[in-house]
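Note sheet for the following structure.
The values are calculated or read from the model by the stated rules, or taken from the named source; none is laboratory data. As the structure is a prediction and not an experimental result, all values here were calculated from the model. Cβ placement follows ideal geometry from the backbone for every residue including glycine, while neighbour counts extend to all protein chains displayed. Surface accessibility is based on the protein's heavy atoms, side chains included, excluding ligands, DNA and RNA. Shrake-Rupley method; radii C 1.70, N 1.55, O 1.52, S 1.80 Å.
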Amino acid sequence: MVMEIVCPAGTPASLRAAVKAGAHTVYCGFADETNARNFPGLNFERDEMREGVAFAHDHGSKVLVAINTFPRAGGEEMWHRAIADAESAGADAVILADLGLLAHAAQHHPNLRRHLSVQAAAANADVINFYADAFGVRRVVLPRVLSVPEIAAINAETEVETEVFVFGGLCVMAEGRCSLSSYATGKSPNMNGVCSPASHVDYHEDHGDLSAKLGGYTIHKVGAGQPAPYPTLCKGCFQAGEATGHLFEDPVSLNAEALIPQLAKAGVTALKIEGRQRSRSYVAQVVRNFRAAVDAQAAGLPMPEGMLASLTEGQATTAGAYKKTWR
Amino acid sequence: MSDHSVNLPLFPRLPALALKGMPLMPVSMALSGFARRIAARHPAMFRRLGEYNAARFVLDPTDLPLSMLLEPLNGRPRIHLSRRTLRGDARIAGPLSGLLGLVHGAYDGDALFFSRDLVIEGDTAAVLALRNAIDDAELDLSAEAQAMSGPFAAAMRRLIAMAEARTGVALSRHEEDGTW
């Protein structure tokens, strides 16, 4: 059986590019604070979502709508409307994180399939089974902190489908619980849908040196010939005592392509590609690559040679927590 | 540029030198007209730009002796070329082939930025909005130029195809999957 690849789309053009490149499933969000990629110029208006879903369905692909931020007190209506609009657009599922929103969806939209977002940070079988029993969650996106044996242990104890990240930007924090960006910018990834919002990011090049600032704080500076620094605090370069370096995490991206056979053996249903903020060129290349990989895995062939290093955000990759080799 | 540089083709030096004597005002007017024609066919691009329709973007092809000020102006775009340093809300600099490749979906903007093939300064949010709006519009400058060429459309197509083949620069839309 071919593993499902779940591919990002920040714009209708990217959705079409993903479908054309062989995506089984595309995930996307509305152009507001209801999704965790609330960036300028990105995401879907209501009519664009309806057209995107129709295009995907016409070509045999599914569409998942991410409504995975946490509703503001007094502002829940925006999130409720997003769920209703996703259902009327014909979405195959919604990806939710907030308990109240899951309860709302289960009560008012019982026929709309519910997936649990990585933002919910559900990292063991007990909590996943709770989400299934209480809210009818059918699939969980696992946090990027689990090893392959831990994922296998979860799958042994739950009927809920599991989806894991295999490529793209990497958060090693338990997703949904990171506030680093908020300290520097006042904007929260979980509430406003923006980690390190572009409006607070400033790059400046001076005689070949490139510095990155977030909220007015310089978080990294590199010399000529080095990859541009990543604009998030977690991947910044800091001095602590006499040590200078990437104290939280290295500026590397996840690439678990080589682990696909092990993830299949661990019972994983779907492989998720990060990058709704990236271009349609990125989407097409990564999706094509991973579609070839899962097709090869299903046919019992060796994994094709990866060609994706140049597309990674830090220009370097890691297998992340799937193979725990932390320094 | 870093180890993962894309090796973007550079504009040939001799023709670039020839541009030094080019009268910029008529070319600016012609480019503004061209941009307005594209704008009329792609109104969604300006909706996607939102509040950044008022932003002033400096596009700086580093292999040419001039740079460009682009003002979207809610679908009535204006382009101004200059040989002097231009000031705007945001600056995007890189080889002309990289800038055109982004428009045509041949390259990924983040990858070009992290590899240092592209330099971004100023209002990062405005740059992101512009990048996303253009990426979604699936522009094809070659097709637009042909549409404006009337009876010379076929000749224009051949000319652009020849220039594309000789320079390696993406002068037309890059279809993500050739089988479609």
Take the alpha-carbon centre of the range A:246-261, take the same for the range A:131-154, and report the distance between them in whole Å. 20 Å
In the structure shown, of A:Lys62/A:Lys235; A:Lys20/A:Lys62; A:Lys20/A:Lys265; A:Lys187/A:Lys213; A:Lys213/A:Lys235; A:Lys20/A:Lys235, the pairs separated by more than 24 angstrom at the C-alpha atoms are A:Lys62/A:Lys235; A:Lys20/A:Lys265; A:Lys20/A:Lys235
So what does A:His108 come to for accessible area, using a 1.4 Å probe and Å² rounded to 10? 100 Å²
Select from A:Ala319, B:Ser32, A:Val2 the residue farthest towards the positive end of the dipole of the protein assembly as shown; place +1 on Cβ of Lys and Arg, -1 on Cβ of Asp and Glu, and compute about the Cα centre. B:Ser32
Under 19 Å from a label point 7 Å along Cα→Cβ of B:Thr62: give me every residue in the range A:207-224 with its amide N that close. A:207-213, A:221-224
Against the 2.2 N^0.38 Å rule of thumb, the C-alpha Rg of the range B:56-179 sits at a ratio of 1.09
Charged-residue dipole, Cβ positions (Lys, Arg, Asp, Glu), chain B about Cα centre, Debye nearest 20: 960 debye
Show me the three semi-axes of the equivalent ellipsoid for chain A, from the C-alpha gyration tensor (sqrt of 5 times each eigenvalue), largest first, rounded to whole Å. 29, 24, 20
Distance between modelled label sites at B:Leu159 and A:Ala103, nm, 7 Å Cα→Cβ extension: 6.8 nm
Rounded to the nearest 20 debye, what is the charge dipole size of the protein assembly as shown about its Cα centre when +1 sits on each Lys and Arg Cβ and -1 on each Asp and Glu Cβ? 1300 debye
Cβ under 11 Å from A:His204's Cβ, A:His204 left aside: what net charge do those residues give with Lys, Arg +1 and Asp, Glu -1? -2
Along the charge dipole of chain B, Cβ charges K/R +1 and D/E -1, which of B:Phe113, B:Phe152, B:Val103 sits furthest on the positive end? B:Phe152
Starting from the Cα of B:Glu51, step 7 Å toward the Cβ, then list every residue of the range A:196-216 with an amide N under 17 Å from that point. A:196-202, A:215-216
Where only protein heavy atoms count, and the probe is 1.4 Å, what is the accessible area per residue for chain A in Å²? 39 Å²
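So, R0 is 56 Å and r is the distance between the beta-carbons of A:Glu76 and B:Leu24; what FRET efficiency does that work out to, to 0.05? Let's see the in-between values first.
Values: r = 54 Å, r/R0 = 0.97.
That gives a FRET efficiency of 0.55.
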Which sequence of A:Val2, A:Val166 reflects their accessible areas, 1.4 Å probe, from the largest down? A:Val2, A:Val166
Just to check I understand the Karplus step: with θ = phi - 60° and J = 6.51 cos²θ - 1.76 cosθ + 1.60, what whole-Hz values come out for the range B:118-124, glycine and proline as x? 10, 10, 10, 9, x, 6, 5
Within the protein assembly as shown, helix-based [θ] at 222 nm, where runs of 4 or more DSSP H residues each add -39,500 (n - 2.57), nearest 500: -10500 deg cm²/dmol
Work out the charge dipole of the range A:187-245 with +1 on the Cβ of Lys and Arg and -1 on the Cβ of Asp and Glu about the Cα centre, then indicate which of A:Gly193, A:Gly225, A:Gly245 is farthest towards its positive end. A:Gly193
Under the 7 Å Cα-to-Cβ spin-label approximation, A:Asp58 and A:Ala240 lie apart by a distance in nanometres of 5.3 nm
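Suppose R0 equals 35 Å. What FRET efficiency, 1/(1 + (r/R0)^6) with r the Cβ-Cβ distance, do B:Ala147 and B:Asp89 give to the nearest 0.05?
That pair, B:Ala147 with B:Asp89, gives E of 0.70.
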What FRET efficiency, computed as 1/(1 + (r/R0)^6) with R0 = 41 Å and r the Cβ-Cβ distance, is obtained for A:Tyr183 and B:Arg41, rounded to the nearest 0.05? 0.40
Trypsin sites (Lys or Arg not before Pro) within the range A:19-87: DSSP coil, no more than 13 neighbouring Cβ in 10 Å: A:Arg72
